[in-house]
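The values are calculated or read from the model by the stated rules, or taken from the named source; none is laboratory data. Computed from a prediction, not measured in an experiment: that's the story for all the values here. Here Cβ is always computed from backbone atoms with ideal geometry, including for glycine, and neighbour counts include all displayed protein chains. To get the accessible areas, we keep the full protein, side chains included, count just its heavy atoms, and leave off ligands, DNA and RNA. Shrake-Rupley method; radii C 1.70, N 1.55, O 1.52, S 1.80 Å.
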Amino acid sequence: MVKYAKKPSNQAAFAKGKKDDAKVHFKNTWETARVLKGMSIPRARKYLHNVISTKESVPFVKYNGGVSRKANPWGVSQVRFPKKSAIALLDVLRKCERTAKQKGLERRKLIVDSTMVQQAPKLRRRTFRAHGRINPYNYSPCHIQMIVAEPKLPTDPKLRKVSPETLNKIATLKKAKEIHDKNRLRKFGKLYY
């Protein structure tokens, strides 16, 4: 059985997909996959197609050394259009969709619950330089894992009409507040609100 790095948030309705040793750069794929978290499947698919056709950009937040600045709607000045990474993630998203279809889940209700991109062993080559020198010419592939799941419906009837993407944002904000509260407890010993 294949091991996944994370368990789905909704154990009742989820689907998984993965790609090992994908021949795409790790850093570009990590940044692209980070944006997909919380998106519905149709929106994620449209976003990846837009990245391939350079209509929408991917903000580079962590691995942004040497990334040029461009105007974009993300509020981050450093963006790129990693086409090969988008194609690889689109392939994994399609695998998730097929798995969900086999399980009898409705595609429009699913959101991207988790994306995990990890470094694979480097492929080593060499390039020949002037005066008889040789330099390494490495390649950085990656392993991609994705989990899509139906969002858990809240018990409050007012929130049941909200879209899945908004529900996921609410859950993320709650989790961020819990982490913030724990950090305040560690720092000050008790909460001051």
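Just a few scattered comments:
- Residue identified as open to solvent by 90 Å² or more (accessible area, probe 1.4 Å), under 21 Å from Pro151 (Cβ atoms) and either at pLDDT below 90 or assigned to a helix (DSSP H, G or I) (or both) among Lys95, Lys7: Lys7
- Evaluation of Lys46 against the conditions (1) over 21 Å from Ile147 (Cβ atoms); (2) surrounded by fewer than 20 Cβ atoms within 10 Å (Cβ to Cβ) shows that the sole unmet condition is (1).
- Residue in the stretch 59-81 that is assigned to a helix (DSSP H, G or I) and closer than 22 Å to Pro121 by Cα present: no
- Any hit, the stretch 41-56, residues being acidic (Asp, Glu), under 27 Å from Trp74 (Cβ atoms) and without any contact (Cβ under 8 Å) to a residue 40 or more places away in the chain: yes
- Flag if Gly75 is more than 17 Å from the chain's Cα centre (by Cα), closer than 25 Å to Gln119 by Cβ and either modelled with pLDDT under 95 or open to solvent by less than 60 Å² (accessible area, probe 1.4 Å) (or both): no
- Scanning the stretch 10-36 for residues that are surrounded by fewer than 19 Cβ atoms within 10 Å (Cβ to Cβ) and either of a type in the set (Asp, Glu) or free of Cβ contacts under 8 Å to residues at least 24 places away in the same chain (or both) returns Gln11, Asp20, Asp21.
- Residue within the stretch 110-119 that is in contact with a Leu (Cβ under 7 Å, 6 or more places away or on another chain), open to solvent by less than 90 Å² (accessible area, probe 1.4 Å) and within 17 Å of Pro8 (Cα to Cα) present: yes
- Cβ separations smaller than 7 Å between residues 6+ apart or across chains give the following pairs from the stretch 114-134 residues that are farther than 30 Å from Gly38 by Cα and in a strand (DSSP E or B) to residues that are of a type outside the set (Asp, Glu) and open to solvent by 90 Å² or more (accessible area, probe 1.4 Å): Arg126/Tyr137; Thr127/Tyr137; Ile134/Arg126; Ile134/Phe128.
- Test: residue in the stretch 98-106 that is assigned to a helix (DSSP H, G or I), touching a strand residue (DSSP E or B) at 6+ places or on another chain (Cβ under 8 Å), open to solvent by less than 90 Å² (accessible area, probe 1.4 Å) and at pLDDT below 95: yes
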